[in-house]
Amino acid sequence: MSYECILTDVRGDAALKTGVITLNRPKQLNALNDQLMDELGQALLAFDADPTIGCIILTGSEKAFAAGADIAAMAKLTHMQAHTRQYISRNWEVIRQVRKPVIAAVAGFALGGGCEVAMMCDILLAADTAKFGQPEIKLGIIPGAGGTQRLPRAIGKAKAMELLLTGRMMGAEEAERAGLVSRIVPAATLMDEALAVAEQINGMSQPSVALLKECVNEAFESGLSSGVQAERRVFHSLFGTEDQQEGMDAFLNKRKAVFTHR
Ligand code: CAA
């Protein structure tokens, strides 16, 4: 498949490899237009369906992960056009359908829709150059791809309110302290670190990986009781896999587990 607004690559030489998607509209700081979001959706679904791929990494350039939705493309939209085209939902929710872990490797600006896309990913690794923010308020709008929901869940109400209401950006250190990112790494090693995390996950039992991701998302999206119940059902079901027997036998016999993902 050839794309115009993204690049795709497959990395690694183990049985399960890592799919890498790089947002690539450098002149517009990777501003997210319909074409880019369509291509991103296609690439994510293609990697998700590919049995040789374990994790997916989503990244941008040194200067910008993505500077938000494309302001030029939406500046003249009317209310009805925004509504009938389902602007910022038609092709923005695909990332949530992906069953494999998606790692956002963020350097530079992750603003507006760029921050929202990063927050839709499962693990957010930040370069020390990363800057996060939801500046939509300065454009006379509000976030439209989950920012008002995911940011407070990630960093708490007071800090989210401040960032959302002022449009202030926060750097990588503040984002890590606030719990938005899992780790900060030097910009020069961002991709190596993301690939190392992906490789570690690729070596785990893949049924457990997919179901674990589902359970953590349940924690984010439901109440405690239904989340705990969902977790318990998944926990019980994993005793039906060969990987559970292998993993526990390996531990008891002091050897490394070799998973067959069944
Ligand atoms: N949409 C379209 N074009 C954008 C863009 C965006 N979101 N962000 C940057 N660009 C373009 C600029 O217009 C500029 O193009 P030209 O060279 O043709 O003038 C080019 O990218 C480089 O940008 P700057 O010259 O502004 O670069 P800078 O280093 O001085 O500033 C920046 C960088 C702080 C990120 C600044 O570009 C900026 O503030 N961008 C807009 C950020 C923003 O408001 N994002 C939210 C968008 S709305 C949204 O995302 C809604 C939603 O919830 C989904």
**Report entry** Conditions (1) assigned to a loop (DSSP other than H, G, I, E, B); (2) open to solvent by 40 Å² or more (accessible area, probe 1.4 Å): number failed by Asn30
**Finding:** (2)
Query raised in the report: Under 6 Å by Cβ, and 6 or more places apart or on different chains, what pairs join a residue from segment 214-235 that is more than 23 Å from Ile155 (Cβ to Cβ) with one that is among the aliphatic types (A, V, I, L, M)?
Result: Val234/Leu211
Report summary line: Selection from segment 120-146 of residues under 19 Å from Asn217 (Cβ atoms) and at pLDDT 95 or above yields Met120, Cys121, Asp122, Ile123, Leu124, Leu125
Query raised in the report: Does Gly247 satisfy the criteria of being modelled with pLDDT under 95 and loosely packed, with under 14 Cβ neighbours inside 10 Å?
Result: no
Query raised in the report: Of Glu162, Glu193, which residue is in contact (Cβ under 8 Å) with a residue 24 or more places away in the chain and of a type in the set (Asp, Glu)?
Result: Glu193
Query raised in the report: Within segment 88-132, which residues are buried (at least 24 other Cβ atoms within 10 Å of the Cβ), within 11 Å of the ligand (Cβ to nearest atom) and without any contact (Cβ under 8 Å) to a residue 60 or more places away in the chain?
Result: Ala110, Leu111, Gly112, Cys115, Glu116
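To keep it simple, each residue is scored yes or no on (1) within 16 Å of the chain's Cα centre (by Cα); (2) more than 16 Å from the ligand (Cβ to nearest atom).
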position	(1), (2)
Pro135	no, no
Gly147	yes, no
Ala154	yes, no
Ala160	no, no
Glu174	no, yes
Ala178	no, yes
Val185	no, yes
Ala188	no, yes
Query raised in the report: Does at least one position in segment 139-151 carry a residue that is among the small types (Gly, Ala, Ser), within 17 Å of Pro26 (Cβ to Cβ), open to solvent by less than 10 Å² (accessible area, probe 1.4 Å) and in contact (Cβ under 8 Å) with a residue 24 or more places away in the chain?
Result: no
**Report entry** Given (1) assigned to a helix (DSSP H, G or I); (2) open to solvent by 50 Å² or more (accessible area, probe 1.4 Å), index of the condition Leu40 fails
**Finding:** (2)
**Report entry** Matching residues in segment 1-27 - criterion: being touching a Lys or Arg at 6+ places or on another chain (Cβ under 8 Å), polar (S, T, N, Q) and open to solvent by 30 Å² or more (accessible area, probe 1.4 Å)
**Finding:** none
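The values are calculated or read from the model by the stated rules, or taken from the named source; none is laboratory data. It should be emphasised that the depicted structure is a prediction, and the values quoted were computed from it without experimental measurement. Glycine also receives a Cβ, built like all others from the backbone with ideal geometry; neighbour counts cover every protein chain displayed. When the accessible area is computed, the model is the full protein with side chains, heavy atoms only, and any ligands, DNA or RNA have been set aside. Shrake-Rupley method; radii C 1.70, N 1.55, O 1.52, S 1.80 Å.
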